[in-house]
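A quick write-up on the structure given underneath.
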């Protein structure tokens, strides 16, 4: 019978996945596996008493343990389901990869588009919309730095896209005001003011919020996939998988918050 483990601070719990509700190691008459899990997770997070033993609390026979309320400084019990054991329900590795892809996209956005100092590389991947499709600016023009205060984009190879390139630079959110001179786009580098720094920090916050929205879509898609198996597996199995997915999303969101905090500190100086 397939099983998965739940790891929480000091104990490892083993559960058996079965289409029959409340079966396996944690079965008990009239007591769902979910309630038992909540009780064990709650007990696992309680502080040790004298002699290294956990304090026992009296409950009425058959009573369902309530969800534990975490106090400040207490460890959060976690679910850790083996992806291989639930692959017929959902591909958890794919869910993890999709969430990580959102994080990596945010990192790349921070690196490319949110820098106090404007460099030629900052313009490389600005997307230019042309009649033939969308292209990175560095594929349409030659970008160079003429002086610390001036960048240029030579559009000789694609002169018909000069206006579109200038528009893309202007709307990049980098506080740039390009000037078109024939097939050359002159891009004055703005002075680093407090207002400019705060504007970039605001853009970083907006980018993070967009990434979190993308993360929520990954989570919702995965939970919807899990619920499609509600007639094949127990309600408790569905609940545990939903908890695992939410936990993964929370961890990804926390990583995004750390990235935002670091970027904001860098931008504001």
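Quick notes
- The lone exception for residue 203 - which of (1) modelled with pLDDT of 95 or more; (2) outside any strand (DSSP E or B); (3) out of contact with any strand residue (DSSP E or B) (no Cβ under 6 Å at 6 or more places or on another chain) it fails: (1)
- Residues considered: 88, 98. Of these, the only one that is out of contact with any helix residue (DSSP H, G or I) (no Cβ under 7 Å at 6 or more places or on another chain), outside the structural domain of residue 183 (by TED's automatic domain parsing), under 30 Å from residue 224 (Cβ atoms) and modelled with pLDDT of 85 or more is 88.
- Residues (in a helix (DSSP H, G or I), more than 18 Å from the chain's Cα centre (by Cα) and crowded, with 19+ Cβ neighbours inside 10 Å) located in the stretch 75-115: 86
- Within the stretch 116-133, if we keep just the residues that are in contact (Cβ under 8 Å) with a residue 24 or more places away in the chain and surrounded by 15 or more Cβ atoms within 10 Å (Cβ to Cβ), the residue that is farthest from residue 148 (Cα to Cα) turns out to be 130.
- When every residue of the stretch 184-195 is checked against the conditions, at least one turns out to be touching a strand residue (DSSP E or B) at 6+ places or on another chain (Cβ under 9 Å) and either part of a loop (DSSP other than H, G, I, E, B) or without any contact (Cβ under 8 Å) to a residue 12 or more places away in the chain (or both).
- For the stretch 222-258, a residue qualifies if it is under 24 Å from residue 103 (Cα atoms), surrounded by fewer than 18 Cβ atoms within 10 Å (Cβ to Cβ) and touching a residue at least 60 places away in the same chain (Cβ under 8 Å), and the qualifying residues are 225, 243, 247, 255.
- Meets criteria (within 16 Å of residue 115 (Cβ to Cβ), under 33 Å from the mean Cα position of the chain (by Cα) and surrounded by fewer than 19 Cβ atoms within 10 Å (Cβ to Cβ)) for residue 216: no
The values are calculated or read from the model by the stated rules, or taken from the named source; none is laboratory data. What you see is a predicted model; the values in this text were computed from it and never measured. Virtual Cβ from ideal backbone geometry, glycine too; neighbours counted across all protein chains shown.
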